[in-house]
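Below: the structure, in structure tokens.
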Amino acid sequence: MDKPKVVLGVSGGIAAYKACELLRRLTESGHDVRVVPTASALNFVGAATWSALSGHPVSTEVWSDVHEVPHVRIGQHADLVVVAPATADMLAKAAHGLADDLLTNTLLTARCPVVFAPAMHTEMWEHPATQENVATLRRRGAVVVEPAVGRLTGVDTGKGRLPDPGEIFEVCRRVLARGAAEPDLAGRHVVVSAGGTREPLDPVRFLGNRSSGKQGYALARTAAARGARVTLIAANTGLADPAGVDVVQVGTAVQMREAVLKAAPDADAVVMAAAVADFRPQAYAAGKIKKKDGQEPEPIILVRNPDILAEISADRARPGQIVVGFAAETDDVLSNGRTKLARKGCDLLVVNEVGERKTFGSEENEAVVLGADGSETPVPHGPKEALAETVWDLVTHRLG
Ligand code: CTP
């Protein structure tokens, strides 16, 4: 089988050096990559580097190698075009269909999925001109990953960093796997919760659970690859932030409720994949609880936590919003699932069987997705990503 053909467009920003790592990941995983840097990108990383790492000649202008007509060929033959970093200037050119160099020509001739990974200063990213260009590109079906938050080129920090190359690679892999399928979540905002809440007893102890957060992260990544703007509310996962996803870190169930309610008002879908503790200790000891000789420990009194899923299901932040819950069951999986779906009032409930060696922390999952409309969608044992894709299939179907 032919290797998938990827065009890696590099525009002129300091983050261009990170695209070398993306290129390496793509080639090492069996992709045939043509690098198309802009002339200004070559100020940051030279043509020799791109050519050595990709094994192909590198040109920036349409009139180089004219006998091959590369400006038409490169785009036409690509299975994926990824532009990383995409500067504000590149996004503007792409949004307006300018074609003054090889990369912008390639973008116009490409009929395959296109991914942009922007990187720039926060002010440039937030400027209405850039935001409108991004919205235009997304409306046309391009996947524009949100920049990461953190240290920028100088001493300043903020939103605008190029996401980790490994994470951009994951987006590319998922977009390629979807082939010609439209990014069907483009223009949608989805909120996903992940991980397990921790309810503190004292400064060093908490009541927690064994959720790894991997299923929630798989949901966030797949939604981003399908074009959605994603807010991931993560509780105690220790996992790397997925590219293009706004991550909000929380600790407890009460903090998670606050973060979900804050993000939900403009969300088209909310997926509660987190394991939220049903109870928390009634009292929090400001100092570490010490053992006392000859005395039994004080009992821990628990109180109920708010049920976030039930609350957002009952009180939809916007009409037509789809709410998805997860249920981990050990016995009578399906009948408990149906009862829980009705009790929580959500549209879909992903029910999976858990046990000592099942699901927690593993890379795979097996589940049945129950619909409030009586539907039942079994998802065979497989990667958490596959389950995530099925969830988004069912969500997009319901969003219409
Ligand atoms: N959930 C929530 N808030 C809570 C507890 C759970 O939003 N306080 C959500 C979880 O994110 C998950 C779903 O509800 O999507 C199912 O949680 P689960 O704990 O399995 O359901 P419970 O109602 O607690 O039922 P059980 O009696 O089995 O514990």
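Quick notes on this structure:
- In the stretch 283-305, the residue that is nearest to the ligand (Cβ to nearest atom) out of those that are within 30 Å of L341 (Cβ to Cβ) and exposed (fewer than 15 other Cβ atoms within 10 Å of the Cβ) is R304.
- Filter result for A234 (at pLDDT 95 or above and in contact with a Gly (Cβ under 7 Å, 6 or more places away or on another chain)): yes
- Condition met for A277 (among the small types (G, A, S), in contact with a Phe, Trp or Tyr (Cβ under 8 Å, 6 or more places away or on another chain), within 11 Å of the ligand (Cβ to nearest atom) and open to solvent by less than 40 Å² (accessible area, probe 1.4 Å)): no
- Per the conditions (1) open to solvent by less than 30 Å² (accessible area, probe 1.4 Å); (2) out of contact with any helix residue (DSSP H, G or I) (no Cβ under 6 Å at 6 or more places or on another chain), the sole criterion not satisfied by E123 is (1).
- Considered as a group, the residues in the stretch 312-331 that are within 11 Å of the ligand (Cβ to nearest atom) and open to solvent by 60 Å² or more (accessible area, probe 1.4 Å) include one that is nearest to the chain's Cα centre (by Cα), and that residue is T330.
- Members of the stretch 197-216 that are under 30 Å from A181 (Cβ atoms) and either touching an Asp or Glu at 6+ places or on another chain (Cβ under 9 Å) or not assigned by TED's automatic domain parsing to the domain that holds Q249 (or both): K214
- Selection count where residues are part of a strand (DSSP E or B) and over 25 Å from V354 (Cα atoms), scope the stretch 206-232: 3
- Of the residues making up the stretch 242-249, one or more are modelled with pLDDT of 95 or more and open to solvent by 90 Å² or more (accessible area, probe 1.4 Å).
- Whichever residue in the stretch 158-187 is open to solvent by less than 40 Å² (accessible area, probe 1.4 Å) and in contact with a Leu (Cβ under 8 Å, 6 or more places away or on another chain) and, among such residues, is farthest from P113 (Cα to Cα): G158
- Of all residues making up the stretch 312-326, the number that are at pLDDT 95 or above and either closer than 28 Å to R205 by Cβ or among the aliphatic types (A, V, I, L, M) (or both): 6
- Filter result for E311 (out of contact with any Lys or Arg (no Cβ under 6 Å at 6 or more places or on another chain), touching a residue at least 40 places away in the same chain (Cβ under 8 Å), of a type in the set (D, E) and not in a strand (DSSP E or B)): yes
- Which listed residue, of A267, A224, is open to solvent by less than 60 Å² (accessible area, probe 1.4 Å), touching a residue at least 60 places away in the same chain (Cβ under 8 Å) and touching a Pro at 6+ places or on another chain (Cβ under 7 Å): A224
- When R280 is tested against the conditions (1) under 23 Å from P203 (Cβ atoms); (2) charged (D, E, K, R); (3) part of a loop (DSSP other than H, G, I, E, B), the lone failure is (3).
- In the stretch 128-150, the residues that are within 26 Å of R173 (Cβ to Cβ) form Cβ pairs under 7 Å with partners that are among the hydroxyl-bearing types (S, T, Y) and open to solvent by 20 Å² or more (accessible area, probe 1.4 Å), at six or more places apart or across chains, as follows: G150/T157.
The values are calculated or read from the model by the stated rules, or taken from the named source; none is laboratory data. Please read all numbers here as calculations on a predicted model, not as lab measurements. Positions of Cβ are backbone-derived with ideal geometry, glycine not excepted, and every protein chain shown enters the neighbour counts. To get the accessible areas, we keep the full protein, side chains included, count just its heavy atoms, and leave off ligands, DNA and RNA. Shrake-Rupley method; radii C 1.70, N 1.55, O 1.52, S 1.80 Å.
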